[in-house]
1. Can you pull out every residue in the stretch 1-28 that is among the aromatic types (Phe, Trp, Tyr) and not in a strand (DSSP E or B)?
2. Is the stretch 136-156 home to any residue that is within 19 Å of the chain's Cα centre (by Cα), surrounded by 15 or more Cβ atoms within 10 Å (Cβ to Cβ) and either part of a strand (DSSP E or B) or at pLDDT below 90 (or both)?
3. Which one is surrounded by the most Cβ atoms within 10 Å (Cβ to Cβ), of the residues in the stretch 69-99 that are touching a residue at least 40 places away in the same chain (Cβ under 8 Å), hydroxyl-bearing (Ser, Thr, Tyr) and under 24 Å from Asp46 (Cβ atoms)?
4. Name the single residue that is modelled with the lowest pLDDT among those in the stretch 171-189 being over 15 Å from the mean Cα position of the chain (by Cα) and not aliphatic (A, V, I, L, M).
5. Tell me the residue from Asp112, Asp117, Asp31 that is closer than 30 Å to Ile261 by Cβ and not in a strand (DSSP E or B), please.
6. Ala102 versus (1) within 22 Å of Thr30 (Cβ to Cβ); (2) among the small types (Gly, Ala, Ser); (3) exposed (fewer than 13 other Cβ atoms within 10 Å of the Cβ): which is the lone unmet condition?
7. Any chance the stretch 90-102 includes a residue that's more than 24 Å from Leu172 (Cβ to Cβ) and assigned to a strand (DSSP E or B)?
8. List pairs: first in the stretch 200-212 and under 16 Å from Pro299 (Cα atoms), second assigned to a strand (DSSP E or B) and among the basic types (Lys, Arg), Cβ under 8 Å, 6+ apart or cross-chain?
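The values are calculated or read from the model by the stated rules, or taken from the named source; none is laboratory data. What you see is a predicted model; the values in this text were computed from it and never measured. Neighbour counts are summed over all protein chains in view; Cβ atoms, including those assigned to glycine, are modelled from backbone coordinates with ideal geometry.
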Amino acid sequence: MAWKTRWAVSVGGQDMSSEMAPYLETITVTDKAGASSDSSSLVLDDTGGRIRLPQPGSSIVVRLNGVQVFSGVIDSVKSSGSRSAGRGLSVSAKGFDVQGKAKEPQRLHLDDGTIGDFLTKVAKRAGFDMKIDPALANIARDYIAADGESFLHVGEKLARELGGTFKLRGPLAVLAKHGQDFGLPLIKGFFTGDSSGNLISWDIEPVSTRSVFKSVEVPYFDRKKGEPKTHKTESGAAGERSEAVNVVRHVAYDERQARDIAEARKQQIEREGGTGRVKLDLMPEAQVEALFQLSGTRPGVDGTYRIVSVMHSASRSGGATTSLELQQPQDGAGSDSR
């Protein structure tokens, strides 16, 4: 059976599409906000064991309909089979080399510096170039340290603390503030009830209350006065529906760090004010943190959302789709004015 979707796979810098064409069954690519790496999976028919076994550590690039949707390193290769089902080969890849120094524990600290200065040093020791959103890079700290923590751990911890997304892609590490789409294209989904629309299905909760709090409180220690204190931030419009307070359990180093943590929690509350999933005909240009515009479903659901997860799935037998996980409803999503 011939593929309905145009695809291309390069391994170790060599285009392997024609060699894989008789055997490749499915392609899956996943990207999530806040996760350390993109991932990809290829499943091949290995009847007769004719496929040369790919080696972990080899570079791999995947394209769908001419758009590059993944670039990374092969992480694992798994053979499976049975008497009744034949043999298969699964090739999994990550956006960075998991055999490298990203997971190596480090010990270093920085006095009177910035988040950007510190992360750049940690990244360099792990073999990465660091790109940081200026809104986060210029945040000052009296003291910041990696105490037996890996670059992966440090990056993800700071991303959670500051309301950002930390990604490793090849030799580049990126820390960006949530909502920074860096000029990514607007993705549109429209439902018409027939095949003329690109929206296959949706499952959306435009108003979510489970993760919403009216305010955020972060404890810290005032070193000049020698006493514990608490920084409080109101959640704004998103928190008006709640009576609960989000009390952070760990104590911040000082008021400045407490303020940064509270602001990040406030932004997260706003993002989680509505959630949902949609499935579309393949849209390889969809990326995490881009905006998604939904129309044709119903008032109160139609509107704009932030993309927080993308999964492209293609198969020889079933065509190709793009599944999006959505948050942060805007432009009428969540309110029915009728």
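1. Trp3, Tyr23
2. So far as the stretch 136-156 goes, no, none of its residues is within 19 Å of the chain's Cα centre (by Cα), surrounded by 15 or more Cβ atoms within 10 Å (Cβ to Cβ) and either part of a strand (DSSP E or B) or at pLDDT below 90 (or both).
3. Out of the qualifying residues, it is Ser92.
4. Gly183
5. Only one candidate qualifies: Asp117.
6. For Ala102, the failing item is (3).
7. Residues of the stretch 90-102 more than 24 Å from Leu172 (Cβ to Cβ): 90.
Checking the rest, the ones that are also assigned to a strand (DSSP E or B) come to 90.
Looking for residues that are more than 24 Å from Leu172 (Cβ to Cβ) and assigned to a strand (DSSP E or B), one finds at least one in the stretch 90-102, hence yes.
8. Correct list of pairs: Trp202/Arg277; Trp202/Lys279; Asp203/Arg277; Ile204/Arg277.
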